[in-house]
Amino acid sequence: MTINLYCLGASGEVGRSAFVLQTDKKVLLDYGVKIFGEMSKPTYPLKIENVKLDAAFISHAHLDHSGFVPNIYNFSKIPWYGTPPTYDIADVLWKDSMKIQKKGLPWGNSHYKKALKHWHPLMFEHWVGVGSTSFGFRDAGHISGSAMIDIKYNGKRILYSGDFKKENTRMHDGAKRVKENVDVLIIESTYADKEHPERHELEKKIADEIYETVNQGGTVLCPAFAVGRSQELIRIIRAHHQDIPIYLDGMSKEITRVYIKYKKYLKEPEKFIKDVESITFVESIRDRKNATIGGNVIISTAGMMEGGPAVNYIKYLNRESKIIFTGYCMEGTNGWLLQNKGQLYVDKNLLDVGLPVEYLDFSAHAGRNDLMELVNETEPNKIVCIHGDKTCTENFALELKGMGYDAIAPKCGDKIHLL
C-alpha cells in the first residue's frame, strides 16, 4: 500500500500545523491554528473532506500544533495521543482560547470536554499501534513534553520532527541523536536560513542588561510566551542573579505549575523548583504595584504583547526601565510595533513608549545547524520541508536537492506521495 501525506496547514507558512498521514489508516499529525492570520484573526487548517480519521498524534501543546484538537469532536470520536505535559498544557491553552474568543471559535465547551476525554497518554520511547502502523514519541527538546513522532509501517520509517531543538537549554536537554536512518523526514524549517546566536553569549548579555537597569533603579520587563520561554527566563536570570526580585504574571504562572507537576520532563527539576520558590507570583494589585517600583524583573505574558498583563505594565515603568523581548513577534502585533516603532496600543490608544527596547533571540526552535544535523543523522530518501515561510521552505528544499536529496516544500492543500 502507498503512503500519502495531506497538507492542511504549516506548508509554506508558519502556524496551523496539520497533516493527515495515510498508511493502512488515516492519522492526524498535529492539528493547530495560526493565532495571527489574515486580519489578525485565527486561521484554521483546511477542512478534512470525506476522510475518516482513525487517530491523532499531537507533537506538543503550543496552539499552532494543538489548538484545533477540540474541533475534531465536531465530526469524530477518535483518540488523540500526546505526552502528559502536552495534555495539561493544552488544557490551559484551550480554556484560555474559549475565554478570549468566546463564540468566535468553531468549537465550544462540549468539544473541549470531549477532547479531554479522548486523550491517550504516550510517553517518550513508547509505541502504540493504529492498524498495522506503529507510532512512537522521541523527546524533541522544544518545550515540556514536546515530541518527534516516529512512524513505522510495512518496513518503512517516517520521522515527523514537530518543533525541535538539539542545543541544550536551561530547562531541557536537546533532542537526542537519531541513530536509525529513515525513509521520509518531515522536518520543520522555521529557521532553515538562519542560525541562532550562541546561547552562552545571549545569557551573558541579558544578565548584564538586567544588572545595569536594576542598578539604576529601573525595572526590566520581559514580555514572554507562557509556555517554555517564561520558565527558561526564570532559570537563566537565577543562574546569574540570585537576589534580584523576579515577578511572574499572566498565564505563565499556571503553566509553571504544570512544569513542576511533571518534573521528569525537565533537565534539572530540583533547581527549577528552587528558582520558582524564590520568585513572586503576581496575584494582586499590590503585587503589580510592587513589581514596578524599580529594581525588579517582571516576566509576563503575552510574548507578542497582544493582551495579557505585559501591556498594562508599560504604563507604570519608570524612565530607567527597559523592555527585553526574547521571542519572535509577528509583524503587525503590538510587540512588533514596539520593537520597530517604539509604539504600542494600550486600551486602543497608540502610545509612544519612550523606553529602550531590545530583542534577544532565545528561540526554542532548531537553527540551521540543528536542521542539517537531523538531515545528516537520518539520511532520508525523501524530505518534506514544512513549518516555515514560503521562501524559506522552498530555498531549503532546493538546497537539499543540490545535496542529492529528494526534497519538497509543499503548499497547503497538496497531497504528497511519500512512498
Exercise. Under the Karplus relation 6.51 cos²θ - 1.76 cosθ + 1.60, θ = phi - 60°, what is the ordered set of whole-Hz ³J(HN,Hα) values for region 133-150, x standing for Gly and Pro?
Worked result: 9, 9, 10, x, 10, 10, 4, 8, x, 9, 9, 4, x, 5, 9, 7, 9, 9
For this session: Report the relative contact order of region 69-148, percent, no decimals, based on alpha-carbon pairs under 8 angstrom and at least 6 residues apart.
Result: 36 percent
For this session: Give the distance, in whole Å, between the Cα centre of region 357-387 and the Cα centre of region 122-157.
Result: 19 Å
For this session: Starting with the highest mean, order 5-17, 279-291, 83-95 by the number of other Cβ atoms within 10 Å, averaged over the residues of each peptide.
Result: 5-17, 83-95, 279-291
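Take the Cβ-Cβ distance between Ser278 and Lys41 as r, set R0 to 51 Å, and report the resulting FRET efficiency rounded to the nearest 0.05.
Between Ser278 and Lys41 the formula returns 0.80.
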Exercise. What residues qualify as long-range amide H neighbours of Val346, i.e. H under 5 Å apart, gap of 5 or more or another chain, H built at 1.01 Å from N?
Worked result: Leu351
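Please work out the Kirkwood hydrodynamic radius for region 199-359, using every pair of different C-alpha atoms, and report it in angstroms with one decimal place.
For region 199-359, the Kirkwood estimate is 15.7 Å.
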For this session: Compute the long axis of helix 229-240 from its Cα atoms, compare it with the longest principal axis of the Cα atoms of the chain, and write down the angle in degrees, 0 to 90, nearest 10.
Result: 50 degrees
For this session: Just need the relative contact order of the chain here, percent rounded to a whole number, with Cα pairs under 8 Å and 6+ apart.
Result: 20 percent
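Nearest 5 is fine: what % of DSSP beta bridges in region 199-359 come out antiparallel, could you say?
On the way: 4 of 19 bridges.
Just about 20 percent of them are antiparallel.
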Exercise. About its Cα centre, what dipole magnitude does region 199-359 give when the only charges are +1 on Lys and Arg Cβ and -1 on Asp and Glu Cβ, stated in debye to the nearest 20?
Worked result: 400 debye
Exercise. For region 199-359, what is the relative contact order in percent, using Cα pairs closer than 8 Å and at least 6 residues apart in sequence?
Worked result: 31 percent
Exercise. Using mean Cβ contacts within 10 Å as the protection proxy, how do 166-178, 182-194 order, highest first?
Worked result: 182-194, 166-178
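I need Trp127, Trp80 ordered by Cβ neighbour count within 10 Å, fewest first. Before the final figure, lay out each step's value.
Details: Trp127 12, Trp80 25.
Neighbour counts put them in this order, fewest first: Trp127, Trp80.
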Exercise. So, by mean Cβ neighbours within 10 angstrom, what's the order for 370-377, 226-233 with the highest one leading?
Worked result: 226-233, 370-377
Exercise. If each residue's Cβ is checked for other Cβ atoms within 10 Å, how do Cys385, Cys392, Cys412 rank with the fewest at the top?
Worked result: Cys412, Cys392, Cys385
Seminar exercise, completed: Taking the reciprocal of mean 1/r across every pair of different Cα atoms in region 1-86, the Kirkwood radius in Å is 13.0 Å
For this session: In nm, give the distance between the simple-model label positions of Ile260 and Lys77, each being 7 Å from the Cα along the Cα-to-Cβ direction.
Result: 3.9 nm
Seminar exercise, completed: Taking only the alpha-carbon atoms of the chain, the convex hull volume per residue, in cubic angstrom, is 132 Å³
Exercise. Considering only Leu344, Phe281, Gly218, whose Cα is most displaced toward the positive end of the charge dipole of region 199-359, charges sitting on Cβ of Lys, Arg (+1) and Asp, Glu (-1)?
Worked result: Phe281
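Since every read-out is calculated from the coordinates, none of them should be taken as a lab result. Bear in mind the structure is a predicted one, so any value in this text is a computation, not a measurement. Cβ sites come from the backbone with ideal geometry, for glycine too, and all protein chains shown count toward neighbours.
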